[in-house]
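Only the coordinates and a few stated rules stand behind these numbers; no lab work does. As the structure is a computational prediction, the values presented were derived from the model and not from experiment. Virtual Cβ from ideal backbone geometry, glycine too; neighbours counted across all protein chains shown.
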Amino acid sequence: MQVHESTTVATFADLRVDGARLWDSLMQLARIGATAKGGVCRLALTELDRQARDLFIAWAKEIGCSVRIDAIGNIFARRAGLRDDLPPVMTGSHIDTQPTGGKFDGNYGVLAGLEVLRTLTDANVQTLAPLEVAVWTNEEGSRFVPVMMGSGVFAGAFTLEHALEQHDREGITVRDALSQIGYAGEIKKPHAVGAYFEAHIEQGPVLEAHDKTIGVVQGALGQRWYDVTVHGMEAHAGPTPMELRRDALLVAADLIHAVNRIALDHAPHGRGTVGWLDVHPNSRNVIPGRVTLTVDLRAADDASLTAMDSALRAACSVAGEKSGITVDVEQVVYFPPQPFTAELVGAVKQGADTLGFSSMDVISGAGHDAVYLARVAPAAMIFVPCKDGISHNEIEDARADHLEAGCNVLLQAMLSAAQKAGSADA
Ligand SMILES: [Zn+2]
């Protein structure tokens, strides 16, 4: 490859990705695990995941990337820089899906990164800092818990050993699944990352509602998840008068309303969801004796999230006391709110402006690999709209021109970070 030492940022600004090639690659990857309804079922560390990983690596090697795999199966495809000693400017996402997943969630971020590298290879230019595309293992958390496993290990959120010991419903461990598909790599120590960008479909309706092409992601909501158990008393639905009942489901119903109110009290970014309910004994003519429900609270700042936590606990005591019922609240997950790095967020905004795309500031309501990466490197995300805001669904859809726009913004943001890395160091 010819090296253009004199390549300037000005000429980089003229580079554009190949939107048709990006779309074709997305469609080709979507054939691996394709479902009848037009979605994708490609659970983490399955044979289908292996095929998708192999395809990505083949594509990366076609353009001269070197490829490394770490001990949790994360893949790093690297395009050398003129100053190859600098920490890479990285992008990436995941290619595992939900059982009834779509073609774009995660896959877009990986293939947008690949398209950036392909574009630079076509143009025969080199960046100062090296560039890397990462494929993070098991982002979805559908087959193995916890979610965002590969990026979590990389960022030190939990240990490699802890992740390797997790197992699916059949009892197969992550360790065994990785070696079965040939992706148990040797590398145990994470490498330094100069900057991390992740392009992703929004998975929500805000960009579409505002008719904007690019979401400049400011950060991700903090989350607290709970298991709440309401202990009532089972009794016969006929002989037990209303005033003598201890109906656990009635208390649960109060709590569902309370969760909704707590989120509304913390608008615009507060979220509160009861998504799962287990009623015992769940029989037509038995007063429910025990109800377990999940509560998911989210907020943009920790003060709000803490206030929501207190409000939930207060609501549980009040609802219980009212009816002489015990309510247990156990927090099972906590992700602090994660703001992204101002300088990189600025590069995303700048990229959208320079390219003439409409944009707006948004906050990510969902977790992403970028949220963990933000703990160990400067990080930012680029959102593009998805049809009707629908994701984690086989009908998930996105427009080719939006995907191309987001990829062009990614290209410009990565180039600016890669050149700055060099100049700051020089
Ligand atoms: Zn995703």
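List the residues, sorted by chain then number, that are 5 or more residues from Met90 or on another chain and whose placed amide H is less than 5 Å from its amide H.
It is Glu132, Gly194, Ala195, Tyr196, Phe197, by chain and number.
Can you spot the lysines whose alpha carbon is less than 28 Å from Lys103's alpha carbon? Ignore those fewer than 8 places along the same chain.
Lys37, Lys61, Lys212, Lys349, Lys387
Provide, as a two-decimal number, the C-alpha radius of gyration of the stretch 9-66 over 2.2 N^0.38 Å, N being how many residues it has.
Against the compact-globule rule of thumb, the ratio is 1.45.
Taking H as built 1.01 Å from N, whose amide H comes closer than 5 Å to the amide H of Val362, not counting residues under 5 places away?
For Val362, whose amide H was placed from the backbone, the distant partners under 5 Å are Val216, Val217, Gln218.
Sort Trp225, Trp276, Trp136 so that the residue with the fewest other Cβ atoms within 10 Å of its own Cβ comes first and the one with the most comes last.
Placing the least packed residue first, the sequence is Trp276, Trp225, Trp136.
Karplus couplings for the stretch 264-271 from phi (6.51 cos²θ - 1.76 cosθ + 1.60, θ = phi - 60°), rounded to Hz, Gly and Pro as x?
For the stretch 264-271, the Karplus curve yields 4, 5, 10, 5, x, 9, x, 9 Hz.
Tell me, what HN-Hα J-couplings in whole Hz come from the Karplus equation 6.51 cos²θ - 1.76 cosθ + 1.60 at θ = phi - 60° for each residue of the stretch 172-189, using x for Gly and Pro?
Here the 3J(HN,Hα) series is 7, 7, 4, 4, 5, 4, 4, 6, 4, 9, x, 10, 8, x, 8, 5, 9, 9 Hz.
Give a residue-ordered list of calculated ³J(HN,Hα) values for the stretch 395-401 (Karplus: 6.51 cos²θ - 1.76 cosθ + 1.60, θ = phi - 60°; whole Hz; x for Gly, Pro).
Per residue, the Karplus-derived 3J(HN,Hα) values read 8, 3, 8, 8, 8, 4, 5 Hz.
Report the full-extension gain for the segment Thr100 to Lys37: residue separation times 0.36 nm, less the Cα-Cα distance, to one decimal in nm.
The Thr100-Lys37 span can extend by a further 21.8 nm.
Translational D (Stokes-Einstein, µm²/s) of the stretch 245-285 at 4 °C and 1.567 mPa s when Rh comes from the Kirkwood sum over C-alpha pairs?
For these conditions, the coefficient is 111 µm²/s.
Using only the C-alpha atoms of the chain, find the volume of their convex hull and express it per residue in Å³.
Details: hull volume 61.7 nm³, N = 426.
Considering the Cα atoms of the chain, their hull volume per residue is 145 Å³.
I want the local charge near Tyr183. Using Cβ-Cβ distances under 9 Å, sum +1 for each Lys or Arg and -1 for each Asp or Glu among the other residues.
Working: positive: Arg50, Arg53; negative: Asp49.
With Lys, Arg at +1 and Asp, Glu at -1, the neighbours total +1.
Along the charge dipole of the chain, which of Gly92, Gly171, Ala58 sits closest to the positive end, that is, farthest toward it, with unit charges on the beta carbon of Lys, Arg, Asp and Glu (+1, +1, -1, -1)?
Gly171
Let's see if you can work this out: charge +1 on each Lys and Arg Cβ, -1 on each Asp and Glu Cβ, no other charges. What is the dipole magnitude of the stretch 222-335 about its Cα centre, in debye to the nearest 20?
Here the stretch 222-335 has a charge dipole of around 240 debye.
Before anything else, pin down the relative contact order of the chain: Cα pairs under 8 Å, at least 6 apart, normalised by residue count, whole percent. The partial results should precede the final answer.
On the way: 983 pairs, mean separation 98.4, N = 426.
Taking the mean separation of contacting Cα pairs over the length of the chain, I get 23 percent.
Let me know the Kirkwood hydrodynamic radius for the stretch 16-102, please, with Cα pairs as the basis and the value in Å to one decimal. Can you show the working numbers first?
Working: mean 1/r = 0.0690 Å⁻¹.
Computed over the stretch 16-102, the radius equals 14.5 Å.
Where the Cα atoms of the stretch 86-241 are projected onto their three principal axes, how long is each span, largest first, in whole Å?
For the stretch 86-241, the Cα extents along the three principal axes come out at 82, 45, 26 Å.
Please compute the net charge surrounding Asp227, taking Lys and Arg as +1 and Asp and Glu as -1 over other residues with Cβ under 15 Å from its Cβ.
Details: positive: Arg224, Arg290, Arg313; negative: Asp278, Asp296, Asp309, Asp328, Glu330.
Charge balance near Asp227 sits at -2.
Report the far tail of the P(r) of the stretch 234-350, meaning the percent of Cα-Cα pairs longer than 26 Å. Please list the in-between numbers first.
Values: 2349 of 6786 pairs.
Value for the stretch 234-350: 35 percent of Cα pairs lie more than 26 Å apart.
Just to confirm a number: summing +1 for Lys and Arg and -1 for Asp and Glu over residues other than His269 whose beta-carbon lies under 13 angstrom from that of His269, what do you get?
-2
Restricting things to alpha carbons, find the Rg to Rh ratio for the stretch 195-281 using the Kirkwood radius for Rh. Write down the numbers at each step before the final one.
Details: Rg = 20.2 Å, Rh = 17.1 Å.
Across the stretch 195-281, the Cα-based Rg/Rh ratio is 1.18.
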